[in-house]
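Notes to accompany the following structure.
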Amino acid sequence: PASLLLVASMLSNTRKGGNVFFACCYRNDDVRSGDSFSVWLDSIKVFPLEIMELQNISTEGVNSLVSETLHLFPRITRPLASILHQKTRGNPLFLRQLIDSLKDQGLIYL
């Protein structure tokens with residue numbers, strides 16, 4: 001895709017003394033060997049990148065976050081947290097996006 005080529009082009013400019021901040025978020029278990037994204041990930045390893053891998057949040061961790069966000073007791077938020085954990089697989093960035101989406105749709109109130 002064109003967006004991946006654009007990012008690769010920006011990264012190649014770092015070799016010429018430029019600086020680029022690039023954040024890429026994906027689920028490791030969704031990337032299959034040989035698909036276009038996997039090939040692209042392998043191709044950018046030649047650039048001086050700092051890779052930060054976030055670990056998934058446990059169901060209990062999601063419940064703590066939801067409980068604190070909604071200002072409710074953990075026993076009340078446990079069913080919602082369980083569903084959010086299933087939908088996001090505990091990915092902290094996807095979890096935050098899903099909570100924001102639920103708020104924007106008026107399904108939860110913060």
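Key figures
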item: Candidate values [x] 18.1, 55; [y] 14.7, 46; [z] 17.8, 60, label of the one derived for Rg and Dmax of the Cα atoms in Å; result: [x]
item: Heavy-atom accessible area per residue - the chain, 1.4 Å, Å²; result: 73
item: Angle in degrees between helix 74-88 and the longest Cα principal axis of the chain, rounded to the nearest 10; result: 30
item: Listed peptides 26-36, 86-96 by packing density, highest first (mean Cβ within 10 Å); result: 86-96, 26-36
item: For Ile108, residues with placed amide H under 5 Å, excluding near neighbours; result: Lys103
item: Packing rank of 39-45, 51-57, where each peptide gets the mean count of other beta carbons within 10 Å, highest leading; result: 39-45, 51-57
item: ³J(HN,Hα), Karplus 6.51/-1.76/1.60, whole Hz, each residue of region 51-67, x for Gly, Pro; result: 9, 10, 9, 8, 8, 6, 8, 5, 4, 5, x, 4, 5, 4, 5, 5, 4
item: Separation of the Lys103 and Cys25 label points, Cα + 7 Å toward Cβ, nm; result: 1.3
item: Computed magnitude of the charge dipole of region 1-68 (debye, nearest 20; Cβ of K, R +1, Cβ of D, E -1); result: 460
item: Accessible carbon and sulfur surface of region 1-100 relative to its total accessible area, %, 1.4 Å; result: 57
item: Burial order of peptide ranges 65-73, 1-9 (average beta-carbon count within 10 Å, highest first); result: 65-73, 1-9
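The values are calculated or read from the model by the stated rules, or taken from the named source; none is laboratory data. All figures in this text were calculated on a predicted structure; none of them were measured in a lab. All Cβ positions, glycine included, derive from the backbone under ideal geometry; neighbour counts span all protein chains shown. For accessibility, only protein heavy atoms count, side chains too; no ligands or nucleic acids. Shrake-Rupley method; radii C 1.70, N 1.55, O 1.52, S 1.80 Å.
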